[in-house]
Every structure is written in structure tokens, then in C-alpha cells.
Amino acid sequence: MPAPGTPYRIAVLGKTHDRATFNCGSAALDRYLHQQARQDTEKRVAAAFVLVEPPGLRVLGYYTLCASLVNASELPATLAKKLPRYPQLPVTLIGRLAVDQNMKGKGVGQLLLLDALRRSLEAAVNIAAMAVLVDAKDEAAETFYRHFSFLPLQQQPRRLFLPMKTIAGLFHD
Ligand SMILES: CC(C)(COP(=O)(O)OP(=O)(O)OC[C@H]1O[C@@H](n2cnc3c(N)ncnc32)[C@H](O)[C@@H]1OP(=O)(O)O)[C@@H](O)C(=O)NCCC(=O)NCCS
């Protein structure tokens, strides 16, 4: 759920949500929501969550989550040496995250990101994930995630991660 007091709701993408007019400025991210996100959610290859302003059902923002793996060799050495020496480690991937252009700069991106982090933390109680990973599509997206303390992986600077320990600290202080 979004922070108390906000007028927005975040829910699993369903048939009744109006996606057709969603426009975030990235054709690929728009097309994914318009044409692919429902199928991916139904087939359980990604879970898509959408933000609406009740009583409307028009999608104002969305993100997707799925299970993934990261190569331990790509983590910063200071973190890797505190972890067991497995070649790969489990993570939760935010595959996509986007906000409608009419809603930009109003805190909706932050709301979606915090919701994604909270859901990832809750899921990790049952299915372990040691970090949340994101693929930043360009420099602006990278700056957005760095603003929330995401760190780059060694060989893929546009692939950023936030340790689950840090996320737990955000929600359990
Ligand atoms: C990146 C995006 C999700 C940001 O959404 P938004 O709703 O405009 O962002 P918010 O209003 O919630 O901003 C939250 C904070 O991030 C900062 N921020 C937002 N966009 C930023 C950017 N591109 N670079 C740096 N900081 C940024 C804001 O200044 C704000 O900081 P504050 O809390 O200190 O005031 C949105 O611009 C978008 O959908 N872009 C196109 C798709 C995209 O790039 N997705 C990223 C994943 S690939």
C-alpha cells in the first residue's frame, strides 16, 4: 500500500485497469504495459503492479517484479566477502518501472519504488533474495535509482542493486 494519506492505490494489474492511454515517454515501456504486461502476469513470468487514483482505474504508473540471479563476482568485493562463496546469488529484479508523463515529479516514482522494495522484502521471508536489482534504461533512470542509494554492479554499471539488509532497515527502524 502507498504511504497513508496519499490518494493512490497500488494493485496487481488486472483486466479492468485502463492501460491504453499510459504514456511515460519511453515507447518500449508504454508498449510493454499496453501489450505484454497482462500476459506476463498471467503466465507468471513477471508480476506487474499498477498505481491508480480511485475511483478511477486509469494506470498512472507501474512496475514489474520477478525472481532473478546475480553473479557474485559482479558484487562489490566488500559485500561479496561477507557472503557465502556461491557463484550466483538470489535477487528480486525490478524489470520495469515507469510513471505517466502527466504525473512526473509528484512523488509517484518514489511511491512505486518503495512499494516494490516493501513487496520484495516481504517475499524474501519465504523465498530468499539478498538484494533488489534494477536495469536502468538510460542515464536519467540510473540517476533516479542512485538517488535512492542503489549501487552499480561491477561489470554492468546500468545494472544497480540495493542490498535486502538496507531495504529491511528502511521498513523496520
Ligand atoms: C524515472 C521516473 C520513474 C521518476 O518518476 P517521478 O514520479 O517523476 O519521480 P518522483 O517525483 O517520485 O521523484 C522522487 C525523487 O527522485 C528524484 N528524481 C526523479 N527523477 C529523477 C532523475 N531522472 N534523476 C535524478 N533524480 C530523480 C526526484 O527529484 C525526487 O527526489 P526528492 O524526493 O529528493 O524530491 C519517471 O521519470 C519515468 O517514468 N521515466 C521514464 C521511464 C524510466 O526511465 N524508468 C526507469 C526504469 S528503466
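Determine whether Val59 is within 14 Å of the ligand (Cβ to nearest atom), surrounded by 16 or more Cβ atoms within 10 Å (Cβ to Cβ) and either over 30 Å from Gln155 (Cβ atoms) or of a type in the set (Lys, Arg) (or both).
Working: within 14 Å of the ligand (Cβ to nearest atom): yes; surrounded by 16 or more Cβ atoms within 10 Å (Cβ to Cβ): yes; either over 30 Å from Gln155 (Cβ atoms) or of a type in the set (Lys, Arg) (or both): yes.
Here the answer is yes, as Val59 does meet what is asked.
Identify the single condition in (1) surrounded by fewer than 15 Cβ atoms within 10 Å (Cβ to Cβ); (2) under 22 Å from Ala20 (Cα atoms) that Ser73 does not satisfy, given that it satisfies every other one.
Unmet condition: (2).
Yes or no: Leu65 more than 20 Å from the chain's Cα centre (by Cα) and not β-branched (Val, Ile, Thr)?
No: the conditions fail for Leu65.
Taking the conditions exactly as written (away from the ligand (no atom under 16 Å from the Cβ), closer than 15 Å to Asp115 by Cβ and at pLDDT 95 or above), does Val12 satisfy them or not?
Details: away from the ligand (no atom under 16 Å from the Cβ): yes; closer than 15 Å to Asp115 by Cβ: yes; at pLDDT 95 or above: yes.
So Val12 passes the test.
Does the range 113-120 contain any residue that is assigned to a loop (DSSP other than H, G, I, E, B), within 30 Å of Thr21 (Cα to Cα) and more than 16 Å from the ligand (Cβ to nearest atom)?
Let us first name the residues in the range 113-120 that are assigned to a loop (DSSP other than H, G, I, E, B), namely none.
Looking through the range 113-120, none of the residues is assigned to a loop (DSSP other than H, G, I, E, B), within 30 Å of Thr21 (Cα to Cα) and more than 16 Å from the ligand (Cβ to nearest atom).
Please find, among Val52, Val45, Val12, the residue that is surrounded by 15 or more Cβ atoms within 10 Å (Cβ to Cβ) and without any contact (Cβ under 8 Å) to a residue 60 or more places away in the chain.
Details: Val45 fails: surrounded by 15 or more Cβ atoms within 10 Å (Cβ to Cβ); Val12 fails: surrounded by 15 or more Cβ atoms within 10 Å (Cβ to Cβ).
Of the residues listed, the single one that is surrounded by 15 or more Cβ atoms within 10 Å (Cβ to Cβ) and without any contact (Cβ under 8 Å) to a residue 60 or more places away in the chain is Val52.
Which one is farthest from Pro76 (Cα to Cα), of the residues in the range 127-158 that are β-branched (Val, Ile, Thr) and within 9 Å of the ligand (Cβ to nearest atom)? Don't jump to the end; show me each part of the working.
Step one: filter the range 127-158 for residues β-branched (Val, Ile, Thr), giving 127, 132, 134, 143.
Checking the rest, the ones that are also within 9 Å of the ligand (Cβ to nearest atom) come to 134, 143.
Working: Val134: 16, Thr143: 19 Å.
The selected residue is Thr143.
Of the numbered conditions (1) within 13 Å of the ligand (Cβ to nearest atom); (2) over 20 Å from Pro152 (Cβ atoms), Arg96 satisfies every one except a single condition; which is it?
Tallying (1) within 13 Å of the ligand (Cβ to nearest atom); (2) over 20 Å from Pro152 (Cβ atoms), Arg96 fails exactly one: (2).
Report whether or not Thr41 is within 16 Å of the ligand (Cβ to nearest atom), out of contact with any helix residue (DSSP H, G or I) (no Cβ under 9 Å at 6 or more places or on another chain), polar (S, T, N, Q) and modelled with pLDDT of 95 or more. Can you show your working first?
Numbers: within 16 Å of the ligand (Cβ to nearest atom): no; out of contact with any helix residue (DSSP H, G or I) (no Cβ under 9 Å at 6 or more places or on another chain): yes; polar (S, T, N, Q): yes; modelled with pLDDT of 95 or more: yes.
So Thr41 fails the test.
When you look at Arg31, is it charged (D, E, K, R), within 14 Å of the ligand (Cβ to nearest atom) and out of contact with any helix residue (DSSP H, G or I) (no Cβ under 8 Å at 6 or more places or on another chain), yes or no? Before the answer, list the steps.
Details: charged (D, E, K, R): yes; within 14 Å of the ligand (Cβ to nearest atom): yes; out of contact with any helix residue (DSSP H, G or I) (no Cβ under 8 Å at 6 or more places or on another chain): yes.
Spelling it out, Arg31 is indeed charged (D, E, K, R), within 14 Å of the ligand (Cβ to nearest atom) and out of contact with any helix residue (DSSP H, G or I) (no Cβ under 8 Å at 6 or more places or on another chain).
Which one is surrounded by the most Cβ atoms within 10 Å (Cβ to Cβ) among residues in the range 108-138 that are within 20 Å of Ala28 (Cα to Cα), of a type in the set (A, V, I, L, M, F, W, C) and free of Cβ contacts under 8 Å to residues at least 60 places away in the same chain?
Top of the filtered list is Val134.
Taking Gly169, is it within 23 Å of Gly5 (Cα to Cα) and within 8 Å of the ligand (Cβ to nearest atom)? Let's see the steps before the verdict.
Numbers: within 23 Å of Gly5 (Cα to Cα): yes; within 8 Å of the ligand (Cβ to nearest atom): no.
No; evaluated as a whole, the condition is false for this residue.
Could you list, in sequence order, all residues of the range 84-106 that are of a type in the set (Gly, Ala, Ser) and either touching a Gly at 6+ places or on another chain (Cβ under 8 Å) or touching a residue at least 24 places away in the same chain (Cβ under 8 Å) (or both)?
Taking the range 84-106 as the starting set, the residues that turn out to be of a type in the set (Gly, Ala, Ser) are 95, 98, 105.
Selection gives Gly95, Ala98.
Among the numbered criteria (1) modelled with pLDDT under 95; (2) closer than 19 Å to Ala27 by Cα, which one does Ala141 miss?
So the condition that Ala141 fails would be (1).
The values are calculated or read from the model by the stated rules, or taken from the named source; none is laboratory data. All values derive from a computational prediction rather than experimental measurement. Here the Cβ is made from the backbone with ideal geometry for all residues, glycine too, and neighbour counts use every protein chain on show.
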